[in-house]
Each structure stands twice: as structure tokens, then as C-alpha cells.
Amino acid sequence: MTPLADILLAAINDRRAELITLLQGFVRTPTANPPGETRRGAAYLEAFLRRCGLAYRVIAPMPDMPNLLATFDTQRPGPHLVLNGHIDVFPPGRDERWRHGGPWSGTIENGRLYGRGTADMKCGTIASFVTYALLHEHRDQLAGRLTLTAVSDEETGGKWGTGYLFENHRDEVAGDCCLNGEPSSAHTVRYGEKTPHWLIFRVKTRGAHGAYVHMSASANKIATRLMAALEDLTDIRPEMPQAVARNLADPAVRKALDDGLGEGAAGLVQKVSLNIGMIDGGLKTNMIPSECKLEADIRLPVGVTKQRIRAEVTRILKDFPEVSVEEISHPHDEANWCDPEGHMLQLIQEAAHRVSGVRPVPVITLAATDARFWRQSGVPAYIYGCSPDLMGTYDEAVGVDEFLNVVRVHALAAAAFLAPEGKGI
Amino acid sequence: MSPVEQDLLARLEAARERSIGFLRDLLRVPSPNPPGDTRAAATFLQRALQEAGLNSEIFSPHPEMPNIVARFDGAHPGRHLVLNGHIDVFPVAEHEWTRAPWGGEIVDGRIYGRGACDMKCGLASITLAFMHLHAVRDRLKGRLTYTAVSDEETFGPWGARWMFENRRDLMMGDCLLSGEPSSPLCVRFGEKSPIWIAIVVRTRGGHGAYTHMSKSATKIAGAIVAALEKVTEVPVRAPDNLVAMFRDPDIAAQVDEGCGAGHAGYISKPTLNIGRVMGGLKMNVLPNECRIEADIRLPIGMTRNDMRPIIAEILSRFPEATWEELSPPHDAPSWSDPDGEMMQILQDTVVGLGRRRPVPVITLGATDTRLWRYNAVPAYVYGASPETMAAADENVLVEDYLHILRTHVLAAARYLGSA
């Protein structure tokens, strides 16, 4: 009998054109968040499941942000694997700055498929759907249970997406392990992540006519001074757990981080980072602004708690009596990680090595994903996906072959995880 | 006081409540700029003129920004005085107000509303002054022109600038009196000149967690805001008589009393306001674009060509930034004779009305009066306290408004002279 892995790889090769079209169609369906309206994106994925004859449920606590849930049981004892991906993507910015036919073009040029969300993470979400469908076809050769979750509201914190599923359908979605196709690059598997600490600062002053600088302090000038003062946060030194510190000291890991996430990533994984995602102050050129809003996206590494960062922000704000601060990220999230040598991690490494010749190394990464919901529940969660280089930019794209490799690695790793005891695939 | 002036004062006393009602009604017609649509307020003014038997002409080079001109001749030949005000007002951040911004409410002797000081108080005053003087025109000499324009708050092209470019004949006279805010303690005879620049910072951008991947447009903008402060340190060579005037501690003290503590000190210095900063799409996206709008004010003694290379030098340190000027490229600080005839008339009139002699002042802001000065017409400003200008809960004291109206009426009558 042909091994299941060979069958899966052959099936993916046979359906190559169909899979590319599937991703392209998904990219052509706008799902920007904000505003977060993802119904068309969900409908697109539902149509795929229906074509494959697969049952699913729509769970939509917010009607315009639906989540999809599908599951099958092999009727043989085994572990419960959960596939997770998100439907929503970053907002597109200004259409005219896109160089490849606009944010929702799905244009393919020189083997790359362009559009907002191609990398983050329509490539990975499609990989989860294809994996689910393929494994369902071959469920007679598997053990345990496979669940597919596709969520909305990931880009803005997950309250109505994975967070909602964990609060209301925990038994169905927690499982024993999670596999997620967020961008990781072919060189790494992600076993942990920094946590975002999102703060909104509001500066209030009296305001006045712009020529009358003696009449009022300027909310904009205070905001830009605050911006500079907040840079102090990036000097905080983390207290890392030993397993993570060992992993981060490994030169192979550091090289993989720099190769995969860009020069400097290995250093940044261990540091507090500060992004001023938005600044908005003033009504008019010639008015002294009475209000300015800063939105800061601070990322805490493993070893820096939210409590510590809060104390530091409070210290900085002592010099800014005009400023109030509001924390809008989830107050109990912390930087999170699971075993850098876990079972699924090894299966992903083997699958990736077979497919691409690269054995990805385990890394902690910079961006938050819904994988944290599993890790914070004590369930290991691993991420393997395409390169994140261009995500969020006006040239966001995924290589077509890169996409197909992500599909292959997910299908092989998931099948291996659900292999009946004593059998390989 | 001449008999005509006495009659005018009596008319004003009799019309006291109507005068107050007129300003309140004007404040109830919103005319914020941006967006700058002043049609409703212009209609209000034109109707008031019509009811007083005055024909006016509308010029609307921009369909939403009408300009009104009206004029009459006295019974005898004489000099030509022009009154000027603008109809548009600053925009409103409604949530900051504790009074209705378009309500014209009176509380504790103050009339509240956007434009109460800048400059619907002055606009109502010159409108009513024009009507009262019209009523006694058979005893006056010379000619009086009324101009109420739009598009002043943004120095847009569709107001007084358009009129000067296209109907200069209607705008010109021998002297200009404006009701812009000055404080009743001061008469403005000159003004600084704004340079408005827009700076756009562009970077590659990316994901907010990947701060190593791209420079941040917002952080660069923050650094630019700090670096721009240098423009306030540029040395200025002002004319000696002006320097001496504002070094006089009595004048400086009265200027600060009328226009806010610190005003006198800024008359001869460049200032920097960062009116707007807008950047980024979303908290967790590394911003690829940020826009800054800066409002720099040049004092008398400094030209745009003095300042431009300094701005250019500062911004050249930020290769991700491009910039452009938003303000009219040829404007300059402007001033009329601080001892001119209208200055003395205004000062004497105010003293005659029982108030403290106003001191001459250069305003920090800019007004359309500059256009008359550029055309060699002396221009003077007497109006409300600028204290709440552009701020929430903008207001004017009822008594100040009535005092300004009396001053405008009497000063205009004196300038024209009676037969």
C-alpha cells in the first residue's frame, strides 16, 4: 500500500492549479479589519467546504464577523488536533500605493501572488482548509480527531473570534495540540511569542489660535515628547526562563530568526519593542491642538510581565500631567511559549525537511497570534507558514511554490500527528 | 462730539437689545471653515442689509463661499473708508464645549458661540455700523464700503484675495477698519505672517511587532517636530521704532493684559505651532506615512526667504520627508503707520467712551487686512479680546461687543467727517 504521505503529496501536486485558484479567490475577497466585516470571506470558505461535502457550523457572536468550525472523528482512539487560521487581514492603506494591481488583485507575477493578507494569513488559512479536506478524504487511515477553526477578529484581538470560541466552545476547540499557518518562514517553527501591550495615550490641553503660542500648551508637541520618552521601555531587560534562554542563545536559532524575519529579529525577540501605530492630533494647521491621541503597540518578550511594563509607563507619565492612558489589549495575556522540543514540533520539522530540504528551527516570535489561546490553556501550539517579509506592506505577497509547500507541510505533519499508534504515515 | 456723532450714539443706545440679538442670531448660523460653506450666514447678512434699505452685491467665485460688498456715498465728497470682516469661523470639536457652539447663549454677561470673538462680534459690529452710518448718510462726507468675505480662516483663494485679484476697484479705499479680535485695550496696526507647511514622511512600513524591518513614519515625524523648534531661535532684525515700542514696559504690560500674558514677547519672535499630526493606519501596523502641518509665524523684519532655507536645512536631515508650503507664497509681515490718523481716531474715540486708551500692537495672527496694506492702504483693527479665540466655549463680553460697535460707528463717522 502506498504510504499516506505519498498519497497526500501526489494529491497536492495533482490539484496544484486548483489550489492556487482557491487562494487567489480568497485574496480577491476583501476582509480588511478594521472594519472587520468578513462575511464574504467566510462565505468563500464555506463554499469550499460544501464542494468537498464537509459539514461545518457558523458561530457568529458578531453577525458580520463569523467563525467557522468543522470537526470529524476517525472513531479510532487518538489525539485531537486543531487547525486554526483567521479570515480577517490588515487594512489595505492607500490603493494607489499598491504596485501589483491594488490590494485585492490576487495578481500573480513571476511566481508570486500579490494582495493584502496573502502572507498574513490567507496562505495559512487555505493550508488549514486543504489539510482538513485531504485528511477527511483519508480518515480511514487516521486515528483521533481533527478540528478546523477559521476565525474573524484576529487582527484586533480575537474577542469575537478564537477568544469567543475558547470561552464558549472550549471542549470543541482546545484539543491536544494546535497547528496554525501564520507566517513563520520556511526556516522556523514558532513555539512561542511576545505579547502585545496596547496603550492609547490621550493628551489634552486648552487649545488656542495657532499664532498665540503663549495661550496654551500644544497637545501635539506633548505627544511627540511622550513618544520619545516611551523609547525608555525598549531598554528593559527580560528575565527569561532557562529553556527559552537556551533556545535563544543557539546560534542556529539566531541565524534562522535573522534569515527568516529580517536582520535584527534575533535581538528583537528578547527586547521590548515600541511601535507608534497611530498619531492623530489637531483640527487645523493654524490652531494649537487641544487633543492628540497616540496609539502604542508595545511587545513584551518572554520574561517581561505586563505588571512590570505598567509600572514603567506610570513612571514615565509622571512628567506628563496632561496625558491619560488606557490599556486596550487583553490584560491577562502574557508572552507565551510551549515545549521547543515537543512532538508536533518534531513532526513539522520532519515534514518540512522532506518537502523543502530545510529543517526549520524552533523560535519565539515577535507578533501575537491566536496560538496564545492554546498555549495559555496548556495546549501546545505550533506555527508554520510562509515568509512574513512583506506582510502589512504595499507589496504583500506569497510565492506560489512557497504556498504549496506550506500546504504540503501542514498536511504531512497533521497526518503524522493523527497516525494510528505504532504506524507511521 | 459732533451732532451726528451724538445722534449715532443715541441710535445705538435705542437699538441696544437689537444689536445683541443680531450677534446672537449670527452665531446661530454655523459657518465653520473647513469646510467653509458660508452661504447661510451670508444670506443672513444680506437680508439684514436689505431690510435696512441697502443693496449689496454677492461675488461667489467658489459657489459655497460668497463675498458681500455694499457701499454708499455721503452727501459731500470726501475720503473713502472700507470696513472689512470675514464670515467664516474656526471649526469646532463639539465634545470640548460646555456651551452650544452654535447657540448664541448669554451667560453671566458673555455671549457664547464659535466665532464670538473671531470674528462674528466684529462682523456684526461693522455690519450694524454700516447700517447706522447709512441712516445718517445725508450728513456725512465721503464714501463707506462694506466688505464681508469668506475663506479667511484658511487663507484660501476665494475670499478677500479673489476680490483683490478680480475686483480691486471695489476693495480699495483711503483707509481700512477691521473688526478682527484685538482686545479693547489694543489697536492692531500690523501683523506677523504665517508660513504653513505640510510635511509628509514616508517609509516602507510593516507589521507593528517587526520594528526592525522598517523605519517608523510616526517616530520620524516626532523627531521632526522636535527639530523644527529651531525655527523659533532664528534671530530677527526688526525696525528700530517697533523694537523700542514693544520694549516699553507700559505698552508691553497693556498688550499682555489685553492679548494674554506673553503676547508682547512673541511679537518680534518667530513661533511654531504643530497644528496637525496624523500618521498610521492602525495600532499594530508599523506606519508607512505620517503628515505634519506646521504653522510658523514670521515677525516683522523677517521674510519667507529668510525662513525657507532654515526649514529646508532642518528637513534635509530627514530623507524620508517631503514638504510643501500651504500658505500664499508671497505674503510678508505687514504694518501701517503706528501713529496714523485712524490709530489716533480709534484711541481718542475709546478714551471718549470712557475706557482706557488702547495701545498699538502687532498681532501674532494674520488677517485679511494685510491685503490692504500690500496695496498701500493703511489698515487698523479694533475688536474683541482674543482670549477664547479658536478654543472651546469661545465668547465675548456683551459690554465689550457694544463698546466695539460704538467705537466702530464713531471712529468711522469721525474719519469720514460730517458736513
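The values are calculated or read from the model by the stated rules, or taken from the named source; none is laboratory data. No experiment lies behind these values; they were computed from the predicted model shown. Neighbour counts run over all protein chains shown; Cβ positions are idealised from the backbone, glycine included. The area values use the complete protein model at the heavy-atom level, side chains included, leaving out ligands, DNA and RNA. Shrake-Rupley method; radii C 1.70, N 1.55, O 1.52, S 1.80 Å.
So here's what we get for this one:
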quantity: Region B:339-419: relative contact order in percent, alpha carbon pairs under 8 Å with at least 6 residues between; calculated: 37 percent
quantity: Folded to 0 to 90 degrees: helix A:4-14 orientation relative to chain A principal axis, Cα; calculated: 70 degrees
quantity: Selection from A:Ile108, A:Ala397, A:Val379, by position along the positive dipole direction of the protein assembly as shown (Cβ); calculated: A:Ile108
quantity: Restricting region B:311-419 to trypsin sites (Lys or Arg not before Pro) in coil, as DSSP defines it, with at most 11 other Cβ within 10 Å; calculated: B:Arg317
quantity: Relative contact order for region A:316-413, counting Cα pairs under 8 Å that sit 6 or more residues apart, in percent; calculated: 31 percent
quantity: Rounded accessible area of B:Ser2 (nearest 10 Å², 1.4 Å probe); calculated: 30 Å²
quantity: Hydrodynamic radius by Kirkwood, which averages 1/r over all alpha carbon pairs of chain A, in angstrom; calculated: 22.5 Å
quantity: Integer Hz, Karplus 6.51/-1.76/1.60 couplings in order for region A:233-250, x for Gly and Pro; calculated: 4, 6, 8, 5, 9, x, 10, 7, x, 4, 4, 6, 4, 4, 4, 6, 8, 5
quantity: Leading residue at positive end of dipole, region A:303-352 (Cβ point charges), from A:Thr305, A:Ala335, A:Ala352; calculated: A:Thr305
quantity: Karplus-derived 3J(HN,Hα), 6.51/-1.76/1.60, for each residue of region A:278-286, Hz, glycine and proline x; calculated: 9, 9, 8, x, x, 9, 6, 3, 9
quantity: Heavy atoms of B:Met131: accessible area, 1.4 Å probe, square angstrom to 10; calculated: 30 Å²
quantity: Residue among B:Arg143, B:Arg237, B:Arg357 with the largest mean-square fluctuation in a Gaussian network model of chain B, springs linking Cα atoms under 10 Å; calculated: B:Arg237
quantity: Positive-end extreme of charge dipole, the protein assembly as shown - chosen from A:Ile279, B:Ala264, B:Thr211 (charges on Cβ); calculated: B:Ala264
quantity: Surface share of carbon and sulfur [accessible, 1.4 angstrom probe, percent] for region B:289-419; calculated: 51 percent
quantity: Max mean-square fluctuation residue, GNM over chain B, Cα-Cα springs under 10 Å, options B:Pro358, B:Pro63, B:Pro378; calculated: B:Pro63
quantity: Gain in span if fully extended, B:Ala376 to B:Arg237, counting 0.36 nm per residue against the direct Cα distance; calculated: 47.8 nm
quantity: Aspartates and glutamates whose Cα lies under 13 Å from that of A:Lys284, excluding same-chain neighbours fewer than 8 positions away; calculated: B:Glu153, B:Glu293, B:Asp295
quantity: Amide H partners (placed H, <5 Å) of A:Arg206, local residues excluded; calculated: A:Ala217
quantity: Cα-centred dipole magnitude for the protein assembly as shown, charges only on beta-carbon of K, R (+1) and D, E (-1), debye, nearest 20; calculated: 320 debye
quantity: Using alpha-carbon coordinates, inclination of helix A:16-27 to the longest axis of chain A, degrees; calculated: 30 degrees
quantity: Amide H partners (placed H, <5 Å) of B:Gly142, local residues excluded; calculated: B:Gly74, B:His76, B:Gly78, B:Arg79
quantity: Solvent exposure ordering (accessible area, 1.4 Å, most first) of A:His343, B:His207, B:His76; calculated: A:His343, B:His76, B:His207
quantity: Exceeding the 29 Å Cα-Cα cut-off - candidates B:Lys192/B:Lys219; B:Lys192/B:Lys215; B:Lys230/B:Lys282; A:Lys159/A:Lys271; calculated: B:Lys192/B:Lys219; B:Lys192/B:Lys215; B:Lys230/B:Lys282
quantity: Prolate/oblate/rounded call for region A:12-127, Cα gyration tensor, a/c under 1.5 rounded; calculated: oblate
quantity: Qualifying lysines (Cα of each under 20 Å from Cα of A:Lys318; at least 8 residues distant if same chain); calculated: A:Lys204, A:Lys221, A:Lys293, A:Lys306
quantity: Heavy-atom surface of the protein assembly as shown, accessible at 1.4 Å and reported per residue (Å²); calculated: 36 Å²
quantity: Net charge dipole size for region B:24-156 [Lys, Arg +1 and Asp, Glu -1 on Cβ; Debye, nearest 20]; calculated: 660 debye
quantity: Chain B - mean residue ellipticity at 222 nm from DSSP helices (-39,500 (n - 2.57) per run, n ≥ 4, rounded to 500); calculated: -10500 deg cm²/dmol
quantity: Full-extension gain in nm, B:Asp348 to B:Arg137, via 0.36 nm per residue minus C-alpha separation; calculated: 73.7 nm
quantity: Between B and A, accessible area buried - total, square angstrom, nearest 100, 1.4 angstrom probe; calculated: 5500 Å²
quantity: Computed magnitude of the charge dipole of chain B (debye, nearest 20; Cβ of K, R +1, Cβ of D, E -1); calculated: 460 debye
quantity: Projected label distance in nm at A:Ile108 and B:Lys230, using a 7 Å step from Cα toward the beta-carbon; calculated: 5.3 nm
quantity: 3J(HN,Hα) from dihedral phi, region B:117-123, Karplus parametrisation 6.51/-1.76/1.60, rounded to Hz, x for glycine, proline; calculated: 9, 10, 9, 6, 4, x, 5
quantity: Degrees separating the helix A:343-356 axis from the principal Cα axis of chain A, which is the longest one; calculated: 80 degrees
quantity: Built amide H within the under 5 Å cut-off of B:Ser150, gap 5+; calculated: B:Ile87, B:Ala160
quantity: Region A:230-311: GluC sites (Glu not before Pro) in DSSP coil with no more than 13 other Cβ atoms inside 10 Å; calculated: A:Glu239, A:Glu263
quantity: Virtual spin-label span in nm between B:Thr322 and B:Arg11, 7 Å along Cα→Cβ; calculated: 5.7 nm
quantity: Residue order for B:Arg16, A:Arg57, A:Arg225 - accessible surface, 1.4 angstrom probe, largest first; calculated: A:Arg225, A:Arg57, B:Arg16
quantity: Percent carbon-and-sulfur accessible area, region B:192-248, ignoring ligands, DNA and RNA, probe 1.4 Å; calculated: 53 percent
quantity: Distance in nm between pseudo-label sites at A:Ile200 and A:Glu421 (7 Å out along the Cβ direction from Cα); calculated: 5.3 nm
